[in-house]
C-alpha cells in the first residue's frame, strides 16, 4: 500500500511535478481525472490546455478512483485527450503586498492593468482560517459616514459587516461610493485602504467605482479585484476570497483600516448554485446548496478587529435581492450572518428620496456599543429608539389613511403624518455630495421629532426633551 | 489511551471521509485522521468501509492517509476548571488554542480540555475505607470559583467499595484522589471523569416541573413563564432579537450555572459575552456573571461538523452540573444551524433527504436533544435541573419550515419573535399572540405562594385585554378609531400603555434590564388598577382625553425606568397618586 504519510518532502515535490495527460470527463467547470496518485482535498490544480495556457483549479472531491477539480477560468477550449493536469500538493495561495493598492487584478489576483505582478511580501492561503473568538476585539469605534440615516439610526462601526440589501436599478453603488468617500473616525486620521471585489458586475459598474475613487483622489489606496459579468462564473467563487486575503494582510500585518466592498453577493451565490448543481448535490431552498450559509459565513466572518492588532476589516457587501424579496435565501442567510443590514426600498426611491433606506427593516447590531456619551452624543441611543418607534407608528397611520382617508384621522395621527413626511424628506433624504456631521444628524432628528407632542415621546428622558426638543 | 490504526482514507468530500480496510472500529468512536491528527468520529460502518465525520478543515487530506482509533467515543472531560472557560464545539479550550496559534485557529491542535497544570484544593467527604460508593455519589468538593462549589462525583460507570480516599489537599486533575474496589478490579478516582457527549447522564428520577425559572424579563416571567427543567424554543427571523433575548436570560435568570452555546453564529457575539460578562454583576450574589458561565463557541466560520457536536457538548456539561445538585440553564443559539449541519453532513453522505433537504431523522435528533432537559433527582440524591432554551432561525422568518415545526412538537413553551415588533424596536419582540407556555398551570402555584394571591387572575385579565385589542384594532383599521366609543378606545389605550410600560424592556438600561418578581407583580397591578378605575370613570362620564392627560399616566409609563428593584414601596406611592388623581377626576363629573 502506498503510504503517503511517510513520503518525504522531495517525493512530495516530485509528485507535484507529475503531470497527467488527458482527463476522464469535463462537465461545466468541473474536470474529472482518473488513476492519480493520492491527491489532497482542496489541493491547487494547474490545468494546461492544448495551447499551453495554464488555468488554476481546486480539488473538490478526492478518492482513490477519481478526483474532481473545479477550474476557475472555465473549461471552454479544454479537450479530453490533450489537457494536462498537475496537482501542486498545497492549497491555493496568493502573494500579497501593500503595493497591491492602486492596482487592478482579476479574480485570482493576477494584474490586469498592464503592470507587472507586484513582488509578494507573503504567500497566504486564500481560504483563510477561522478567527479564534477569544482573539477578537469587540468593535465599538463609531464610523461617521456623513449619511444621517446610517449614522443616526443604523450606525456603522469599525470592524462591522454591514451589507446593503438592494434591488436592481436602485442606487446601491452610489451609496457604497459615498460611504467609501466620506467614512471617517471622529477626531482621528489613520491609514486606510479600500479593497474592492467585483463579482459578475457589468463593466460600467466597475468603471463607475474606479472613476469615483479617482475623482476623490483615493485610487492609490484602493485595490480592485474584478471578475466581471463576461468572465467565467466560477472565477467569482474565488474573487472575494482573494480580496479578503489581501484585506487581512493589510489589516493585521500592515496596521491599516480596511473597508472591503463586495458587489454583488447575489452573483457569487448564483455561481455556487451552478457548481453545486453540476456536482449533483442535494439542493435545499430554491436550488441553493445546503452549505450556502456556511460558505457565506466563511466570507463575512473574515472581518472585525483583533486583540493586539491596530488594523481592522469593515465589510460592506452589496447584494441585489432577487425580485426585491428579502426572504429569498441570499439576503435571508446573509442577514443571519452579518451584523445588521441596510435595506433599500423601491417605493422611497420612486419618491425621489436618496438614499432610499427603509427605516424599519434596516438595523445595525453593533450600534448599541458604539454610540452615546463619549462616542457620539449622550442623547443618541434614546433618540434613535424614539425615531424608530414613531416612524413605525407612521407606517400604521399611513395604512389606516389609505383605507379611511386622511381627513378622518385624529389630530394626533395627523401630527404623526407630518412627522413621517419630515423624517423622510429632511432626515433620510440628503444629497449625494452631502456630508453631515453626527451633531447635524442628531439635531435634524430632534427637529423632525418636534412635530410630535411631548406626551408621545416615551423613549427619551425628560432631560433630553428639555435640552433638545423644539416643539 | 492506546491508539491503533483502524484504516486508511479512501475518499474525501468536505468534512466527510470514507475509510477503507476497517475491521475493528466502533460506532461513534473518536478517531484522528492523517498525520495532522484531525479529530473525527465514526458515524457509519459498512463492510470494511467506515464513514467518518471530521471536526476540522480537511484541506490536504488525501487517499491513503492513516486513520487512528482512540477506542472510546467522542467524550468531554468533566471536572474543575469548566467555569468561566470558552470552548469550541468539541471542548477544546479556545484560550489555550489562542496561546498556541494566535489569532487564527490552526488544525490538529491537541490541547487537554481541562488544564493539567492547575491544582485544586480538594475537600473530601467523611467516607471511611470500605464504604460503598454508588455511581454519581459525591465524594468531595472543590471551591472552583467564589460562587461555585464543584462537587466531585463518582463516575456513573463505577461502583464498589472505597479502598482509600485522599485527605484535604492540593491536587491536579490527573492526580488520583482515591481508589475503588469494583467488580472489574481496582479503579483510581480522579477529580474529573470522561463522559460521551451523545449519551444522557443517568439520574435517579424525573420530578414534576413546578418552579419557574425567573428570567427578570417581564414578558417571559409574567406572560409566558418557563419552569426550571423545562424546554423552550425562541424562533425568529434575523434581526428580531433571538440573541439579545438569549443574552438577557443568560445574564439575569436565577439558574446557578449558565451554559451558553454559540452554534454557528457570529464570532463577535461570543466576544461580546466574553468582554461583557466579567464586568456584569449578578444581583443575587454580587459576583460577576462569568463566575457561573461556561461558553461553547462554534462560530459560523468554524468547521461545520463541530457545530453538530457543540449542542451535545453543551448539554453534557449542563447535565454534569445538574448531577452536582445545581440548576443549569442552557442557551443554544441557534438550533437551526445545528440542524443545517446535520443536513450538510447528510447530503455529503448521499442520504435520501426528507423535507427541504433535511434528513428524515431530524425530528428524532431534535427530540433526543430536548429530552435531556428536566428537573431531576440525581444519583446522589440531590435535586437539580437542566433548562433548555433553544433559538430557532427559520429561513425567511417563516415558522412553517421543518426545524421550527419539529421543535414545536418537543418543547412546551414557545416564544415567537415578531418582525413587526422588532421593526418598531419593541424588544423583547416576543409576540403575545403567537407565544404560549404549557408550564403556566404548573408554576402558578409558586407565583401565588411567593408573589401573593391574584397573580393568575391578573395575568388572565391582561391577556384577555390584549386579545380584545386585536379585535378592536381590526375595526379601527376599517373605520378609524373615532368610530369607537370611549370605553373601547380606553382598552386600546391601556394596551398601548401595557406594551410600552411593561412588555417592552430595555436591555441596556441599568434599572430596566432586570425586574424582580415583586416589581413585575406591582407594575401589572398598577396598570390593571388604572384600567379598572378608568373604565368606571368613563362610565360616569369622564372623557378619555381627560383621563389620558393625567400626569400620573406618564409616570406609570416611565416607572420601569424610574423605580428600581430595591424601591418597591415607591409603587405604593405611585398607586396612591393614581387613586387620588382618579378620585379628583370623578368628583368633577359627579
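With the alpha-carbon atoms of segment B:4-75 aligned to their principal axes, the span from lowest to highest coordinate is 26, 26, 18 Å, starting with the largest. Its residue count N sets the reference 2.2 N^0.38 Å, and the alpha-carbon radius of gyration of segment B:394-504 equals 1.26 times that reference. The relative contact order of segment A:409-469, computed from alpha carbon pairs under 8 Å that lie at least 6 residues apart in sequence, is 41 percent. For chain B, the longest principal axis of the C-alpha atoms and the axis of helix B:551-562 are separated by about 10°.
Helical runs (DSSP H, four residues minimum) scored at -39500 (n - 2.57) apiece and divided by the length of the protein assembly as shown put the mean residue ellipticity at 222 nm at -10000 deg cm²/dmol.
Counting, for every residue in B:474-481, the Cβ atoms of other protein chains within 10 Å of its Cβ and taking the mean gives 4. Taking the DSSP bridge list for segment A:191-304 and keeping only pairs wholly inside it, about 5 percent are antiparallel.
Segment B:405-429 and segment B:315-392 have Cα centres lying 19 Å from one another. Descending by average beta-carbon neighbour count within 10 Å, the peptides B:214-222, B:385-393 line up as B:385-393, B:214-222, the highest first. What whole number of Å gives the distance from the Cα centroid of segment A:395-448 to the Cα centroid of segment B:437-502? Here the two parts' Cα centres lie 31 Å apart. For segment A:85-209, list log₁₀ I(q)/I(0) at each q in 0.10, 0.12, 0.18, 0.21 Å⁻¹, using the Debye formula over Cα point scatterers of equal strength and ignoring solvent, two decimals each. Computed log10 I(q)/I(0) values: -0.47, -0.67, -1.31, -1.40. Given R0 = 35 Å, the distance between the Cβ atoms of residue A:421 and residue A:202 translates into a calculated FRET efficiency of 0.45.
For the Cα atoms of chain B, what angle does the longest principal axis make with the long axis of helix B:455-479, in degrees from 0 to 90, nearest 10? Approximately 70 degrees, to the nearest 10. Directionally averaged projected area (segment A:4-91, Cα convex hull): 5.1 nm².
Measuring nothing but how far apart in sequence close Cα pairs (under 8 Å, 6+ apart) lie, relative to its length, segment B:209-439 scores a relative contact order of 31 percent. Remark: segment B:114-191 projects, on average over all directions, an area of 5.0 nm² (convex hull of Cα atoms). Each residue of chain B gets 155 Å³ once the volume of the Cα convex hull is shared out per residue.
Counting Cβ atoms of other protein chains within 10 Å of each residue's Cβ and taking the mean over peptide A:287-299 gives 5.
How big is the antiparallel share of DSSP beta bridges in chain B, given as a percent to the nearest 5? That works out to approximately 70 percent antiparallel.
In chain B, Cα pairs under 8 Å separated by at least six residues give a relative contact order of 13 percent. Looking at chain A, the DSSP beta bridges with both ends there are about 60 percent antiparallel. The three principal axes of the Cα atoms in the protein assembly as shown give end-to-end lengths of 103, 86, 50 Å, sorted in falling order.
Any chance you could check the Cα centroid distance between segment A:131-181 and segment A:191-239 for me, in angstrom? Cα centres, segment A:131-181 to segment A:191-239: 18 Å. For peptide A:33-45, the mean count of partner chain Cβ atoms within 10 Å of a residue's Cβ comes to 4.
For chain A, the longest principal axis of the alpha carbon atoms and the long axis of helix A:411-422 meet at an angle near 50°. The Cα atoms of segment A:152-222 cover 37, 30, 17 Å along the three principal axes, with the biggest extent listed first.
A short reminder: the numbers here are calculations on the coordinates, not readings from a lab. Not measured: the values here are computed from a predicted model. Don't worry about glycine lacking a Cβ; one is built from the backbone with ideal geometry, like all the others, and counts go over all protein chains shown.
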